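Nothing in this text is a laboratory measurement; each read-out follows from the coordinates by a stated rule. On a predicted model such as this, the values are computed, not experimentally measured, just so you know. Glycine also receives a Cβ, built like all others from the backbone with ideal geometry; neighbour counts cover every protein chain displayed.
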Amino acid sequence: MKLVVEILKAFNDAGPLSPGDVAQKLSVPKYKALATVSCLYELGLLESVYSKGSYKIFRLSDLGRELLLRVESGHEAEEVIRNALAGEHGQQVQQSAPLIHGEAQT
């Protein structure tokens, strides 16, 4: 979960980024940044602003910004993600939770 929050913060602080930019800023492997950014995009926490071939640039969505504010105000990240997304994405969150939770353990 720590990586998820760090990525959301990176987008909040820097604005639009590619997964490669995220990997460089956070000093994580590109494959991990790409997988996590893709998951956050699918969950609606990031929005695509540019795409050409395999090169994509994303920005923080309103939902991602709201989630980040809740986490920064002291709420537990995993709980905030589940609550924020459950209404809009319901089943998708339940299916994606193991991936997000697995990121916290790496």
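Name the single residue, out of those in segment 12-23 being of a type outside the set (A, V, I, L, M) and touching a helix residue (DSSP H, G or I) at 6+ places or on another chain (Cβ under 7 Å), that is farthest from R70 (Cα to Cα). Among residues in segment 12-23 that are of a type outside the set (A, V, I, L, M) and touching a helix residue (DSSP H, G or I) at 6+ places or on another chain (Cβ under 7 Å), the one farthest from R70 (Cα to Cα) is G20. Restricting segment 18-73 to residues that are within 26 Å of A86 (Cβ to Cβ) and of a type in the set (S, T, N, Q) leaves a set whose member that is surrounded by the fewest Cβ atoms within 10 Å (Cβ to Cβ) is S73.
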